[in-house]
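Below is one structure, written out as C-alpha coordinates; the observations come after it.
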Amino acid sequence: MFERVLVPLDGSKVGEAALPVVEQLVNKLAPKTQVEVTLIGVITLLRHWVVVGEASAPVSYTDEELTVIKDRVQGYLEKTGEAMQKRGVIIKTAVASGNAADEILKTADEIKADLIAMSTHGRSGLRRLAFGSITDKVIRGSKMPVLLVRAPEGTVNE
(Lines give C-alpha, C1' and ligand atoms only; values in the text may rest on other atoms or scores of the structure.)
Protein backbone atom coordinates (compact mmCIF):
# COMPACT_ATOMS: atom_id res chain seq x y z
CA MET A 1 0.00 0.00 0.00
CA PHE A 2 1.00 3.63 -0.11
CA GLU A 3 3.38 4.47 2.71
CA ARG A 4 5.08 7.53 1.19
CA VAL A 5 3.01 10.05 -0.75
CA LEU A 6 4.35 13.19 -2.43
CA VAL A 7 1.95 16.13 -2.82
CA PRO A 8 3.14 19.12 -4.87
CA LEU A 9 1.60 22.44 -3.81
CA ASP A 10 1.76 25.82 -5.50
CA GLY A 11 0.18 28.02 -2.84
CA SER A 12 -3.26 28.13 -4.46
CA LYS A 13 -6.62 26.68 -3.42
CA VAL A 14 -6.63 24.79 -6.71
CA GLY A 15 -3.28 23.25 -5.80
CA GLU A 16 -4.60 22.15 -2.41
CA ALA A 17 -7.54 20.21 -3.92
CA ALA A 18 -5.60 16.94 -3.66
CA LEU A 19 -5.14 17.19 0.13
CA PRO A 20 -8.61 16.00 1.23
CA VAL A 21 -8.42 13.10 -1.22
CA VAL A 22 -5.00 12.08 0.10
CA GLU A 23 -6.32 12.21 3.64
CA GLN A 24 -9.32 10.02 2.74
CA LEU A 25 -7.04 7.60 0.93
CA VAL A 26 -4.77 7.34 3.95
CA ASN A 27 -7.68 6.88 6.38
CA LYS A 28 -9.60 4.31 4.34
CA LEU A 29 -6.94 2.28 2.58
CA ALA A 30 -4.23 2.28 5.19
CA PRO A 31 -5.87 2.88 8.58
CA LYS A 32 -3.27 0.82 10.46
CA THR A 33 -0.28 1.86 8.34
CA GLN A 34 1.86 4.85 9.23
CA VAL A 35 1.77 7.00 6.10
CA GLU A 36 4.29 9.74 5.42
CA VAL A 37 3.07 12.62 3.27
CA THR A 38 5.70 14.97 1.87
CA LEU A 39 4.44 18.36 0.77
CA ILE A 40 6.70 19.98 -1.82
CA GLY A 41 6.80 23.56 -3.03
CA VAL A 42 8.95 24.45 -6.02
CA ILE A 43 10.24 27.96 -6.60
CA THR A 44 10.28 28.33 -10.37
CA LEU A 45 10.97 32.01 -10.88
CA LEU A 46 14.55 32.65 -9.84
CA ARG A 47 14.49 36.25 -11.04
CA HIS A 48 12.25 39.26 -11.12
CA TRP A 49 11.86 42.27 -13.37
CA VAL A 50 13.17 45.70 -12.44
CA VAL A 51 11.47 48.58 -14.24
CA VAL A 52 13.02 52.04 -14.50
CA GLY A 53 11.06 54.45 -16.64
CA GLU A 54 10.40 52.68 -19.92
CA ALA A 55 13.25 50.20 -19.54
CA SER A 56 13.03 46.87 -17.78
CA ALA A 57 15.47 44.07 -17.15
CA PRO A 58 15.41 40.65 -15.51
CA VAL A 59 17.44 40.55 -12.31
CA SER A 60 18.30 37.38 -10.42
CA TYR A 61 17.21 37.21 -6.81
CA THR A 62 19.98 37.67 -4.29
CA ASP A 63 20.80 34.85 -1.89
CA GLU A 64 19.04 36.81 0.85
CA GLU A 65 15.88 37.23 -1.27
CA LEU A 66 15.88 33.51 -2.14
CA THR A 67 16.21 32.66 1.54
CA VAL A 68 13.16 34.82 2.33
CA ILE A 69 11.15 33.18 -0.48
CA LYS A 70 12.17 29.67 0.64
CA ASP A 71 11.23 30.51 4.24
CA ARG A 72 7.78 31.69 3.09
CA VAL A 73 7.23 28.52 1.05
CA GLN A 74 8.40 26.38 3.99
CA GLY A 75 6.00 28.20 6.34
CA TYR A 76 3.12 27.72 3.91
CA LEU A 77 3.83 23.98 3.60
CA GLU A 78 4.05 23.53 7.38
CA LYS A 79 0.81 25.45 7.97
CA THR A 80 -0.98 23.54 5.21
CA GLY A 81 0.08 20.18 6.66
CA GLU A 82 -0.93 20.97 10.26
CA ALA A 83 -4.48 19.63 9.97
CA MET A 84 -3.38 16.26 8.59
CA GLN A 85 -0.59 16.06 11.14
CA LYS A 86 -3.09 16.54 13.97
CA ARG A 87 -4.96 13.51 12.63
CA GLY A 88 -1.88 11.29 12.85
CA VAL A 89 -0.34 11.59 9.40
CA ILE A 90 3.41 12.12 9.34
CA ILE A 91 4.00 15.32 7.40
CA LYS A 92 7.34 16.23 5.88
CA THR A 93 8.11 19.23 3.72
CA ALA A 94 10.50 19.94 0.89
CA VAL A 95 11.33 23.20 -0.86
CA ALA A 96 13.14 23.07 -4.19
CA SER A 97 13.95 25.54 -6.92
CA GLY A 98 14.05 25.01 -10.66
CA ASN A 99 11.75 23.34 -13.17
CA ALA A 100 8.65 22.25 -11.23
CA ALA A 101 8.06 18.92 -13.00
CA ASP A 102 11.74 17.94 -12.80
CA GLU A 103 11.94 18.81 -9.09
CA ILE A 104 8.73 16.91 -8.31
CA LEU A 105 10.03 13.78 -10.06
CA LYS A 106 13.46 14.10 -8.48
CA THR A 107 11.98 14.45 -4.98
CA ALA A 108 9.63 11.52 -5.57
CA ASP A 109 12.65 9.34 -6.38
CA GLU A 110 14.66 10.67 -3.43
CA ILE A 111 11.94 9.92 -0.86
CA LYS A 112 11.02 6.66 -2.59
CA ALA A 113 7.41 7.77 -2.96
CA ASP A 114 4.77 5.12 -3.64
CA LEU A 115 2.39 7.73 -5.05
CA ILE A 116 2.39 11.29 -6.33
CA ALA A 117 -0.94 12.99 -5.63
CA MET A 118 -1.56 16.31 -7.28
CA SER A 119 -4.37 18.50 -8.39
CA THR A 120 -4.86 19.74 -11.90
CA HIS A 121 -6.03 23.14 -13.01
CA GLY A 122 -7.99 21.52 -15.81
CA ARG A 123 -6.57 23.68 -18.57
CA SER A 124 -6.97 22.46 -22.10
CA GLY A 125 -6.42 23.63 -25.64
CA LEU A 126 -4.58 26.91 -26.13
CA ARG A 127 -4.45 27.73 -22.43
CA ARG A 128 -2.62 24.46 -21.79
CA LEU A 129 -0.20 25.13 -24.65
CA ALA A 130 0.45 28.65 -23.42
CA PHE A 131 1.01 27.73 -19.78
CA GLY A 132 2.45 24.25 -20.26
CA SER A 133 1.42 21.39 -18.08
CA ILE A 134 3.46 20.42 -15.07
CA THR A 135 0.95 17.67 -14.43
CA ASP A 136 1.43 16.23 -17.93
CA LYS A 137 5.20 16.23 -17.54
CA VAL A 138 4.94 14.50 -14.15
CA ILE A 139 2.57 11.83 -15.49
CA ARG A 140 4.84 11.09 -18.44
CA GLY A 141 8.04 11.07 -16.39
CA SER A 142 6.90 9.27 -13.25
CA LYS A 143 7.97 5.74 -12.35
CA MET A 144 5.23 5.49 -9.72
CA PRO A 145 1.45 5.99 -9.86
CA VAL A 146 0.16 9.54 -10.11
CA LEU A 147 -3.23 10.38 -8.61
CA LEU A 148 -4.83 13.42 -10.24
CA VAL A 149 -7.52 15.40 -8.52
CA ARG A 150 -9.39 17.95 -10.55
CA ALA A 151 -10.06 21.13 -8.64
CA PRO A 152 -13.76 21.67 -7.91
CA GLU A 153 -15.70 23.98 -10.24
CA GLY A 154 -15.50 27.54 -9.08
CA THR A 155 -12.19 27.12 -7.26
CA VAL A 156 -10.28 30.31 -7.82
CA ASN A 157 -6.52 30.22 -8.29
CA GLU A 158 -5.55 32.47 -5.40
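Taking strands (runs of 3 or more DSSP E) as the structural unit, no element lying wholly within the stretch 56-158 holds at least 2 residues that are among the polar types (S, T, N, Q) and at pLDDT below 85.
Output the residue which, of all residues in the stretch 4-22 that are modelled with pLDDT of 90 or more and charged (D, E, K, R), is farthest from THR107 (Cα to Cα). That would be GLU16.
Only residues that are in a strand (DSSP E or B) and either closer than 30 Å to MET1 by Cα or at pLDDT 85 or above (or both): list them for the stretch 35-54, please. Reasoning before the result, please.
Of the stretch 35-54, the ones in a strand (DSSP E or B) are 36-43, 47-52.
Of everything in the stretch 35-54, those that are in a strand (DSSP E or B) and either closer than 30 Å to MET1 by Cα or at pLDDT 85 or above (or both) turn out to be GLU36, VAL37, THR38, LEU39, ILE40, GLY41, VAL42, ILE43.
Over 22 Å from LYS137 (Cβ atoms), among the polar types (S, T, N, Q) and surrounded by 15 or more Cβ atoms within 10 Å (Cβ to Cβ): does that describe THR80? In short, yes. Pairs meeting the criteria (first residue in the stretch 69-86 and touching a residue at least 12 places away in the same chain (Cβ under 8 Å), second residue buried (at least 17 other Cβ atoms within 10 Å of the Cβ) and hydroxyl-bearing (Ser, Thr, Tyr), beta carbons under 8 Å, at least 6 apart or on different chains) are LYS70/SER97; GLN74/THR93; LEU77/THR93; GLU78/THR93; GLY81/THR93.
Out of the residues in the stretch 38-55 that are touching a residue at least 60 places away in the same chain (Cβ under 8 Å) and in contact with a Pro (Cβ under 8 Å, 6 or more places away or on another chain), which is surrounded by the fewest Cβ atoms within 10 Å (Cβ to Cβ)? Taking the candidates together, the pick is VAL42. Being free of Cβ contacts under 8 Å to residues at least 12 places away in the same chain and either basic (Lys, Arg) or over 22 Å from VAL89 (Cβ atoms) (or both) is the filter here, so list the residues in the stretch 1-37 that pass it. Of everything in the stretch 1-37, those that are free of Cβ contacts under 8 Å to residues at least 12 places away in the same chain and either basic (Lys, Arg) or over 22 Å from VAL89 (Cβ atoms) (or both) turn out to be LYS28, LYS32.
The values are calculated or read from the model by the stated rules, or taken from the named source; none is laboratory data. Bear in mind the structure is a predicted one, so any value in this text is a computation, not a measurement. Neighbour counts run over all protein chains shown; Cβ positions are idealised from the backbone, glycine included.
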